[in-house]
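In what follows, a single structure is set out as structure tokens and then discussed.
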Amino acid sequence: MNLKNLLLPLALLLPMAATAQSITPAQIEQFKQLPKAQQEALARQYGVDLNNLQAGSARTERPQPVEVVEPISSITDEEREKARSEAQRQEDKQTAKNGGLKPYGYDLFAGSPTTFAPVTEIPVPSDYTLGPGDVLRIQLWGSENQNLELPVSRDGTISFPDSGPVAVAGLSFDEARQQIRKRVSEQYIGVEASITLGELRSMRVFVLGEARNPGSYTVSSLSTITNALYVSGGIKQNGSLRNVQHKRNGKLVGTLDLYDLLQKGDSSGDNRLQPGDVIFIPPVGKRAGIDGEVYRPALYELNGENTLAEFIQMAGGLTSQAYPQRINIERTNEDFLRIIAEADYTTTRGRQARVQAGDKIRIPSISDITGQYVEIQGAATRAGKFAWMPGMRLSSVIQSLDADLQPVADKRFAAIVRTDKNTDSISVLNLRLREAITQPGSEHDIALEEKDRILIFSDAGKVQGGEDGENFTRESLFTPVLQRLKSQAKPGEPQQTIRISGPVRYPGEYPMPATRSLADAIFVAGGLKDSASLYHAEVARYGTDEQGIGETNILNIDLADAMAGNTQLQLQSRDRILIKSIPEFATTRTITLAGEVRYPGEYTFRDGETLKDVLQRAGGLTSNAFPRGAVFTREKLRQLEAQRLREAEERLQGDLLGVQLQGDGVGGQNAERAQQVEDLLEEVQNSRPVGRMVIDLASVLGNENYQTIRLQDGDRLTVPTIPQAVTVFGEVQFPTSHLHQPGLTVDDYLERSGGPTRQADESRVYVVKADGSVMLPERSRWFGGRSQQLEPGDTVIMPIDVDRLNQLELWTNVSQIVYQMALGAAAVGNL
């Protein structure tokens, strides 16, 4: 070798090494062929650490980090999500077609993992086959210490320092390790070697057939079949889980049954892949479904011929609630008709029954507890079924009213629903619950029979909002019982139900009491309220006449005798019991007297009493009373006035809209009218109805011929003190009250309030007298024009000129309503 030719490139390369540039293995090998002294001299000359150069050269050509998946084509997230949604929709449709059963095992690949690379931080198997791209890590220690990373080149060799290339491709990792150790022992004296695998090579494999995303994938060299399946997104539901084929160079290498992995944890068939391998997923094989009392109901892929026992084991086995003696098998016969067969799984023949493609097997469940029990339902602390034993009584299962019942429970009444063993019909027994529990063994402590249901009801008076007791009412617990009683009725055995209404605590429909006693029926309904009349009750009884036509008879009952047990009345099917209320029970009607009354307050009046009667009971009027100005209001009148105000408001809103739609008009007149209507609408909205009725209180008290005022509930009489003012109200400059002065006329008071405004209608001035009556000048016998003198408490009204508002008569009526409402409110407020 020409030394000059060698030193020239090395002289160029060593500075590059000093600046961390890459040097090819061939150049390093040339450098190593030089004598040791010359290597050290060159290294000193260029300031290079010889050890770093050698170690760095060993780490050249490392493979790049492996991309587990190299996508063939790029799709957007939106497209991927759309495709996933469509696939899910198709799967849901297929599931519904299969009666809700999903194919087993495909949830293993649920989701869309971006990678499922195998774990590489584990010991590499000794039979791992080396190939180009793998990196061997070699640690030398002893007389010479070095750490080397030697990649396997494309020709299958590694470049070992001072020793030349070593061929390792195709060797197992164990074989390569032995060969390298042998080379080290031969080439180096007193040096030991530790060999491990560093970076692993990547390789290309193909996932084809019924894969979710078939194509080629770049995976780690440690990948197995399942790794590649996860990388490809898994298997479609129409792909086989039991015949995943592993092919190499066109030949079948092996098959993987994923059921072995899922059900047994057996991964022996999960072969390691090699470059170019193909994983082919054929279409799914024959399937059968299983539902009911198994741990994994689903559709299962059959592998050859499966017995019923094998198929049930595949589904996880039978649950503890399974009834194995009558297993239903729905299958298609030779005529392509669906038929139902049965198998007894407790026999050898049943377990060996063959499962065919398309079969749907249903494992029934055992019935609920079928006997030897009693059941408590409702507001009990421990509701449910309890063991029954002969001689058991109610006090055997409910021993304490406090500990065994909920706080909301009705402790007076309970019911037992009993089933007849021979006819399977039910009957209802009523219980006096408190007596039964506090007096064990008494006649109230009824002996229980097998399958008795004890109903514990809630007490409405104890139930707060949102508590469970709302679900334990008589209505809710008795509803299914009543339905059963009605359904079992037949000719000669009518339905055993009654209905009770009126002042009882729980009116409604109930089972017929076993005693057929009216008193017991009332007890079942919670007892009488205090408003119940003990003198009269009715029983409406349905029956038929001599011609067989239905008719209803009314039976009048003395309720007091019935409650005392002194009547022979026996209730019959469909009887309707009416408990009558005491007339006018606890109804009070009141009137409020306020103001200048001797004893003001809220007075209760009797039916037919008049205002004069109540005033006499109140001691009459005081010496300061002004009876002419008394304000008598009534609730019904207030409601009527409120309705009139609402109607007026609706009409004004419509008229205002009409004025606004007309536009501004000439000179802005429409805009002015619209503003006036808005002002009037605001007055209507602010008005509050009073319900005043005009009366002459002085005549009520002193004139025997004056019409009597019969009182109604809610009436109110307010008697003011003697007034001293006259009020001017409406379209005047300064609406106010003026001290009454004898001799002053209407015009005088109007003038003192500044006179009319521009919007006033002077021709329609009217006066509201202190008693609320309205007098118009042109109709009053005491008006001689507007020079008429006024009295204390009178009010002068100057109305708005509605003719200026397009002559809408409606506005006139509304303005009068507003003024009357305002006057009534002002009169009451100023008393």
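Values for this structure:
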| read-out | value |
| --- | --- |
| Residue within region 228-239 that is on the phi > 0 side of the Ramachandran plot, crowded, with 16+ Cβ neighbours inside 10 Å and modelled with pLDDT under 90 present | yes |
| Residue within region 488-506 that is within 40 Å of the chain's Cα centre (by Cα) and over 28 Å from Tyr542 (Cβ atoms) present | no |
| Close pairs (7 angstrom Cβ cut-off, 6 or more residues apart or separate chains): free of Cβ contacts under 8 Å to residues at least 40 places away in the same chain in region 146-161, among the small types (Gly, Ala, Ser) and part of a strand (DSSP E or B) anywhere | Gly156/Ala167; Thr157/Ala167 |
| Restricting region 390-406 to residues that are in a loop (DSSP other than H, G, I, E, B) and among the hydrophobic types (A, V, I, L, M, F, W, C), the residue that is least open to solvent (accessible area, probe 1.4 Å) | Ile398 |
| Residues that are in contact with a helix residue (DSSP H, G or I) (Cβ under 8 Å, 6 or more places away or on another chain) and either outside any strand (DSSP E or B) or open to solvent by 20 Å² or more (accessible area, probe 1.4 Å) (or both), drawn from region 195-216 | Leu197, Arg212 |
| Qualifying positions in region 543-583 - at pLDDT 90 or above, part of a strand (DSSP E or B) and of a type in the set (Gly, Ala, Ser) | Ser581 |
| Test: residue in region 340-355 that is open to solvent by less than 70 Å² (accessible area, probe 1.4 Å), under 23 Å from Ile446 (Cα atoms), touching a residue at least 24 places away in the same chain (Cβ under 8 Å) and in contact with a Ser or Thr (Cβ under 8 Å, 6 or more places away or on another chain) | no |
| Near pairs, Cβ below 6 angstrom, 6+ apart or cross-chain, from region 729-758 (over 20 Å from Lys769 (Cβ atoms)) to any residue that is of a type in the set (Phe, Trp, Tyr) and exposed (fewer than 14 other Cβ atoms within 10 Å of the Cβ) | Gly754/Phe734 |
| Members of region 595-609 found to be in contact (Cβ under 8 Å) with a residue 60 or more places away in the chain and open to solvent by 20 Å² or more (accessible area, probe 1.4 Å), listed by number | Gly595, Glu596, Gly608 |
| Flag if Ile398 is among the aliphatic types (A, V, I, L, M) and more than 22 Å from Leu482 (Cβ to Cβ) | yes |
| Set Gly289, Gly254: member being over 13 Å from Tyr106 (Cα atoms) and out of contact with any Leu (no Cβ under 9 Å at 6 or more places or on another chain) | Gly254 |
| Residue in region 742-757 that is assigned to a strand (DSSP E or B) and loosely packed, with under 15 Cβ neighbours inside 10 Å present | no |
| Filtered residues of region 225-238 (kept if part of a loop (DSSP other than H, G, I, E, B) and farther than 16 Å from Met203 by Cβ) | Gly233, Gly234, Lys236, Gln237, Asn238 |
| Failed item in (1) at pLDDT below 95; (2) farther than 14 Å from Val524 by Cα, with Ile454 passing the rest | (1) |
| Verdict on Ser501 being touching a residue at least 12 places away in the same chain (Cβ under 8 Å), open to solvent by less than 70 Å² (accessible area, probe 1.4 Å) and of a type in the set (S, T, N, Q) | yes |
| Of residues in region 132-145 being open to solvent by 30 Å² or more (accessible area, probe 1.4 Å) and touching a residue at least 12 places away in the same chain (Cβ under 8 Å), the one nearest to Leu222 (Cα to Cα) | Pro132 |
| Answer residue from region 557-613, given it is of a type in the set (S, T, N, Q) and more than 52 Å from the chain's Cα centre (by Cα) and is farthest from Glu704 (Cα to Cα) among those | Gln568 |
| Scope region 439-452; condition within 23 Å of Asp420 (Cα to Cα) and open to solvent by less than 60 Å² (accessible area, probe 1.4 Å); matching residues | His444, Asp445, Ile446, Ala447, Leu448, Glu450, Asp452 |
| Qualifying residue in region 297-306 (condition: touching an Asp or Glu at 6+ places or on another chain (Cβ under 9 Å), open to solvent by less than 30 Å² (accessible area, probe 1.4 Å) and of a type in the set (Phe, Trp, Tyr)) | no |
| Leading residue by the ranking (nearest to Ser221 (Cα to Cα)) among those in region 146-176 that are small (Gly, Ala, Ser) and in contact with a helix residue (DSSP H, G or I) (Cβ under 6 Å, 6 or more places away or on another chain) | Ser159 |
| Among residues of region 82-114, those that are at pLDDT below 75, among the hydroxyl-bearing types (Ser, Thr, Tyr) and either open to solvent by 70 Å² or more (accessible area, probe 1.4 Å) or not in a helix (DSSP H, G or I) (or both), counted | 2 |
| Top-ranked residue of region 307-339 - restricted to ones that are farther than 24 Å from Gly105 by Cβ and charged (D, E, K, R), ranked as most open to solvent (accessible area, probe 1.4 Å) | Glu334 |
| Candidates Glu704, Glu762, filtered to the one that is surrounded by fewer than 17 Cβ atoms within 10 Å (Cβ to Cβ), touching a strand residue (DSSP E or B) at 6+ places or on another chain (Cβ under 8 Å), more than 30 Å from Arg646 (Cβ to Cβ) and of a type in the set (D, E, K, R) | Glu762 |
| Failed criterion for Ile369 (all others in (1) within 30 Å of Val417 (Cα to Cα); (2) part of a loop (DSSP other than H, G, I, E, B); (3) at pLDDT 90 or above hold) | (3) |
| Residue among Ala414, Ala387, Ala436 that is surrounded by 15 or more Cβ atoms within 10 Å (Cβ to Cβ) and more than 18 Å from Ala521 (Cα to Cα) | Ala436 |
| Any hit, region 165-185, residues being within 60 Å of the chain's Cα centre (by Cα), closer than 30 Å to Val278 by Cβ, touching a residue at least 24 places away in the same chain (Cβ under 8 Å) and surrounded by 19 or more Cβ atoms within 10 Å (Cβ to Cβ) | no |
| Some residue of region 289-301 being among the small types (Gly, Ala, Ser) and farther than 25 Å from Asn98 by Cβ | no |
| Considering residues of region 124-152 that are acidic (Asp, Glu) and part of a loop (DSSP other than H, G, I, E, B) only, the residue modelled with the lowest pLDDT | Asp127 |
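The values are calculated or read from the model by the stated rules, or taken from the named source; none is laboratory data. Fair warning: this is a prediction, and the values are worked out from it, not measured in the lab. Using ideal geometry, Cβ is built from the backbone for each residue, glycine included, and neighbour counts are taken over all protein chains shown. Ligands, DNA and RNA are excluded from the accessible area calculation, which covers all protein heavy atoms including side chains. Shrake-Rupley method; radii C 1.70, N 1.55, O 1.52, S 1.80 Å.
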